[in-house]
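Just so it is clear, none of the values below were taken in a lab; they were calculated from the coordinates. Note that the coordinates shown come from a computational prediction; the quantities given were computed from them, not determined experimentally.
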Amino acid sequence: MKAGRRRGGELLITHALATDSGSPARFGFIVSKAVGSAVRRNAVKRRLRALSAERIAAGSSGVDVVVRALPAAAAASFEALRAEMTGQLGSAA
């Protein structure tokens, strides 16, 4: 995380590190208890997994990404999470 690129927003903080261009993209998620109850945290994780699966299916490769959800992510819509993640990652992932 220290060597990569960090971008923050209202809902998410992303850390991206370029790796071997031939390797598939890898995503990791940090959703702390500050986000809410276990039900809320798992819902946020499911949404983030779906968004990362979309990016991998679109051909993302050569990057390791760590996404940390902020407390506001619990109340955010799927589209808001998608917009923020896309804006933060751009074409890097």
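Some observations on this one:
- Dimensions (Å) - the chain, Cα atoms, principal axes, largest first: 38, 27, 20
- Using alpha-carbon coordinates, inclination of helix 38-57 to the longest axis of the chain, degrees: 20
- Estimated vicinal HN-Hα couplings, Hz - the range 65-80 in sequence order (Karplus 6.51, -1.76, 1.60; Gly, Pro = x): 10, 10, 10, 10, 7, 8, x, 5, 5, 5, 9, 7, 7, 4, 5, 5
- Each Cα pair under 8 Å and six or more residues apart adds its sequence gap; the mean of these over the residue count of the range 5-89 is a relative contact order of 48 percent.
- Distant-in-sequence amide contacts of residue 62, defined by a placed amide H-H separation under 5 Å and a gap of 5 or more residues or a different chain, comprise 23, 25.
- Taking the DSSP bridge list for the chain and keeping only pairs wholly inside it, about 70 percent are antiparallel.
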